[in-house]
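S.K.: Once you've had a glance at the structure underneath, I'll fire off some questions.
Since every read-out is calculated from the coordinates, none of them should be taken as a lab result. Keep in mind that this is a model prediction, so the values were computed, not measured. Because the Cβ atoms are built from the backbone with ideal geometry, glycine has one as well, and the counts that use them run over all protein chains shown.
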Amino acid sequence: MIRSDAMEVSDLRRRIRAAIEAARVRAADRRARTDGATRAYEQFLEAIGVPAFHTMANALVGEGHRFKVTTPGQAARLTSERSADDFIEMSLDTNRDVPAVVLVSQRGRGRRMVSVERILREDPDIAALAEEDVVSALLEELVPLIER
């Protein structure tokens, strides 16, 4: 028995082709956003991000808190010299639909690790990130690391 409301194969194939084309367009748009965000982030990291991390580390040492700065890959990391498990890292997350600069802080509490991730800025606003944005975010995330 043939149903009268059955979808025609030609209609289904047309819809599949449209879905495939829409996926291609979305993927191309995403690649373009990611490329632009990566370029903006690299410029920001070199000119503002890493220097802000170094300034923060130097100020912390002056206050008796030993921290060091490393730059693994395309990230900046402020790590406590007391425990390598206590750190704050800034990086570009391109796995999101809209790329974003994220700040991840991790600290040990006994055997338990506490990790917090927050977005500093999403594309296309990455290029507008300023030193004050980085310093303010670092200060907020530092409190749990230095309050012990």
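S.K.: Using the count of nearby Cβ atoms within 10 Å as a rough guide to exposure, how do Phe87, Phe44 rank from fewest to most?
M.R.: Least to most surrounded, the residues fall as Phe87, Phe44.
S.K.: Then there is this: Please report, to two decimal places, log10 I(q)/I(0) for the chain at q = 0.09, 0.11, 0.22 Å⁻¹ as given by the Debye formula with identical point scatterers on the Cα atoms and no solvent.
M.R.: -0.41, -0.52, -1.32
S.K.: Using a ≥ b ≥ c from the Cα gyration tensor of the range 98-148 (square roots of the eigenvalues), is it rounded, prolate or oblate, where a/c under 1.5 gives rounded and otherwise the larger of a/b and b/c decides, a/b for prolate?
M.R.: Judged from the Cα gyration tensor, the range 98-148 comes out oblate (a/c at least 1.5, b/c at or above a/b).
S.K.: If I require 24 Å or longer along the helix axis, counting alpha carbons, and a Kyte-Doolittle average no lower than -1.0, what helices from the chain are left? Use full DSSP H segments. Provide the component values of the computation, followed by the final result.
M.R.: Working: long enough: 9-44 (52 Å, -0.82).
Qualifying helices, which must be both long enough and hydrophobic enough, are 9-44.
S.K.: Roughly how many debye, to the nearest 20, is the charge dipole of the range 78-146 about its Cα centre, given +1 on each Lys and Arg Cβ, -1 on each Asp and Glu Cβ, and no other charges?
M.R.: That gives the range 78-146 a dipole magnitude of about 540 debye.
S.K.: With +1 on the Cβ of every Lys and Arg and -1 on the Cβ of every Asp and Glu, and nothing else charged, how large is the dipole of the range 12-148 about its Cα centre, in debye rounded to the nearest 20?
M.R.: My answer is approximately 1060 debye.
S.K.: Could you sort 128-135, 56-63, 33-40, 99-106 so that the peptide with the highest average Cβ count within 10 Å comes first and the rest follow in order?
M.R.: Details: 128-135: 15.5, 56-63: 13.8, 33-40: 17.1, 99-106: 20.4.
The densest-packed peptide leads the list: 99-106, 33-40, 128-135, 56-63.
S.K.: Find which of His54, Ile16, Ile88 sits farthest along the positive direction of the dipole of the range 1-100, computed with +1 on the beta-carbon of Lys and Arg, -1 on that of Asp and Glu, about the Cα centre.
M.R.: The one lying farthest along the dipole's positive direction is Ile16.
S.K.: Here is a follow-up. 222 nm [θ] for the chain, helices only, -39500 (n - 2.57) per DSSP H run of 4+, per residue, to 500? Could the numbers behind the result be given before it?
M.R.: On the way: 3 runs with 65 residues, N = 148.
Value at 222 nm, helices only: -15500 deg cm²/dmol.
S.K.: Where is the GNM fluctuation largest for the chain (alpha-carbon springs, 10 angstrom cutoff): Ile48, Ile16, Ile126?
M.R.: With Cα springs under 10 Å in the chain, the top fluctuation among Ile48, Ile16, Ile126 is at Ile16.
S.K.: Here is a further query. Of Pro124, Ala27, Pro72, which is farthest on the positive side of the dipole of the range 3-148, counting Cα position, with +1 on Lys and Arg Cβ, -1 on Asp and Glu Cβ, and the Cα centre as origin?
M.R.: Selected residue: Ala27.
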